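Structure first, then comments.
The values are calculated or read from the model by the stated rules, or taken from the named source; none is laboratory data. Only a predicted model underlies this, so the values are computations on that prediction, with no experimental measurement involved. Heads up, the Cβs are rebuilt from the backbone with ideal geometry, glycines too, and the neighbour counts pull from every protein chain shown.
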Amino acid sequence: MATGHRPLLSAFCLLLSAFCLLAAERADTRPPMLRTVGFDQKLNEQVPLELVFRDENGRSAALREYFDGRPVILSLVYYDCPMLCSQVLNGLASSLDVLPFNAGKEFNVITVSFDPRETTALAAAKKKTYMRRYKRPGAAEGWHFLTGDPASITRLAQAVGFRYAYDAEKNQYAHASGVMVLTPQGKLARYFYGIEYAPRDVRLALVEASANRIGSPVDQLLLYCYQYDPATGKYGAIVMRFVRLGGVVTVAGLLSLMWLLRRRDAGRAGVKMGGTV
């Protein structure tokens, strides 16, 4: 009897799967071009540091020159973008303003245009805009705005999993928004999505990417209690570690209280003995 129902059950499962796929397609109301853009996380993969780009002064240099043994925040934008790219850079600048670290000292920032038509003059103008906003010491040496040829741009975008598309009708690019944190060796460490980046998350990502060479004991404590979630691109609290830490603090507090009480009692006993004599 059970065997006779198997073909019917299989057909039902196939029908249900087809229905779910159709529903998913209909639920995605984005234009076809926008469905092709996004980020493919490539955590721990190496970025080709031999790729050559031009900086805001027109000087050509390999990517490795912008690392200098420091972690790097990387953003892919295009400078003539009508809106989204400026929001990405504004969000990044807002986060950097709050960090206790300085670009050019504890970390570097690289902003690369993925439009090969863009010029050094555009890069220089964009840098000038953000240097007026981000006024930390050494910022000009720590935040670089680059342009490049199609081959270098394509290889970099593929290496970091950044997918974008050119809309010829609008003469604009469709692209995702976000920034990445790389290790001093050029490996992808963290992705942050959207146009706002929590300063705490960026701070912890830089500390982790640096292999704890920057940061404070407070950062180490935060890293014990928070963990990066690749699915959300954010750091979330690890509940059990909070519980353990709370238990340690409670025990330490009780031991300290017991020690203080014993000292007080010993002091009182000494006073009484002195009064008897």
### Message
Condition check: within 21 Å of residue 172 (Cα to Cα), at pLDDT 95 or above and touching a helix residue (DSSP H, G or I) at 6+ places or on another chain (Cβ under 8 Å). Does residue 55 satisfy that?
### Response
no
### Query
Can residue 132 be described as in a helix (DSSP H, G or I) and either among the aromatic types (Phe, Trp, Tyr) or free of Cβ contacts under 8 Å to residues at least 40 places away in the same chain (or both)?
yes
### Query
What number of residues in the stretch 135-172 are out of contact with any strand residue (DSSP E or B) (no Cβ under 7 Å at 6 or more places or on another chain), among the small types (Gly, Ala, Ser) and in a helix (DSSP H, G or I)?
3
### Query
So is residue 43 modelled with pLDDT under 90, under 23 Å from residue 231 (Cα atoms) and touching a strand residue (DSSP E or B) at 6+ places or on another chain (Cβ under 6 Å) or not?
no
## Note on the structure
Picked from the stretch 196-241 (must be of a type in the set (Phe, Trp, Tyr) and over 23 Å from residue 162 (Cβ atoms)), the residue modelled with the highest pLDDT is 226
#### Entry: Any hit, the stretch 52-67, residues being of a type in the set (Gly, Ala, Ser), part of a helix (DSSP H, G or I), farther than 20 Å from residue 182 by Cα and out of contact with any Ser or Thr (no Cβ under 6 Å at 6 or more places or on another chain)
no
#### Entry: Condition check for residue 193: farther than 22 Å from residue 65 by Cα, crowded, with 17+ Cβ neighbours inside 10 Å and either modelled with pLDDT of 95 or more or not small (Gly, Ala, Ser) (or both)
no
### Message
I'd like to know if the stretch 113-125 contains one or more residues that are in a helix (DSSP H, G or I), in contact (Cβ under 8 Å) with a residue 40 or more places away in the chain and buried (at least 22 other Cβ atoms within 10 Å of the Cβ).
### Response
yes
### Message
I'd like to verify a number: residues in the stretch 135-169 that are under 21 Å from the mean Cα position of the chain (by Cα) and in contact (Cβ under 8 Å) with a residue 40 or more places away in the chain, how many?
### Response
16
### Message
Being closer than 24 Å to residue 211 by Cβ and either under 18 Å from the mean Cα position of the chain (by Cα) or hydrophobic (A, V, I, L, M, F, W, C) (or both) is the filter here; which residues of the stretch 67-88 pass it?
### Response
67, 70, 71, 72, 73, 74, 75
### Task
Report the residue count in the stretch 90-109 for those that are surrounded by 23 or more Cβ atoms within 10 Å (Cβ to Cβ), under 17 Å from residue 162 (Cβ atoms) and in contact (Cβ under 8 Å) with a residue 40 or more places away in the chain.
1
### Message
Can you confirm whether residue 208 is in contact with a helix residue (DSSP H, G or I) (Cβ under 8 Å, 6 or more places away or on another chain), over 23 Å from residue 70 (Cβ atoms) and either of a type in the set (A, V, I, L, M) or not in a strand (DSSP E or B) (or both)?
### Response
no
